[in-house]
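What follows is a short report on a single structure.
The values are calculated or read from the model by the stated rules, or taken from the named source; none is laboratory data. Being a predicted model, the structure only gives us computed values, none of them experimental. For the accessible areas, the whole protein counts, side chains as well, though only heavy atoms, and no ligand, DNA or RNA atoms are used. Shrake-Rupley method; radii C 1.70, N 1.55, O 1.52, S 1.80 Å.
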Amino acid sequence: MNPRFLNPDRKGPAAVAAMAVSLAALAVACSSPRESSLDEFTRWHDSAKAKAQAGALMWSEFYKQSFDRLTALPPSIQQDTRLENTVLLLSTARKYEASEITALQFNTEREHIETQLEARLR
């Protein structure tokens with residue numbers, strides 16, 4: 001990038017665009033890889049959960065994929081908490097899919113575990 005475009009005395013769209021690009025690059029460089037990995041996981045999680053709720057993805061498959069993605073993340077307390085809850089949710093989903101518990105029992109247990117997760121992550 002040509003440094004003269006970063007001169008704050010310059011006016012015009014090119015100078016503003018160059019400044020915006022520089023600030024965006026700085027913001028990306030300052031975010032930690034752990035945070036961006038968790039953000040990426042959260043985006044995937046929300047999308048996949050919507051598919052599971054719509055019946056387009058089995059709950060057990062959703063939790064299995066969640067576990068696989070979580071174990072690939074850099075270690076953190078947040079990752080450990082999510083992994084612990086994902087294992088519980090995977091087990092509950094398998095019981096539901098094997099007709100060992102009802103849909104109501106599954107939803108109640110799922111909501112309880114997810115509520116505990118949210119409280120622990122605060």
| remark: Taking 0.36 nm per residue of separation between T42 and T115 and subtracting their Cα-Cα distance, the length gained on full extension comes to 24.7 nm
| note | In segment 49-105 the accessible area split gives carbon plus sulfur, as whole percent at 1.4 Å, a share of 56
| message | Please list, ordered by chain and number, the residues whose modelled amide H lies under 5 Å from the amide H of I101; skip anything fewer than 5 residues away on the same chain. | response | Y96
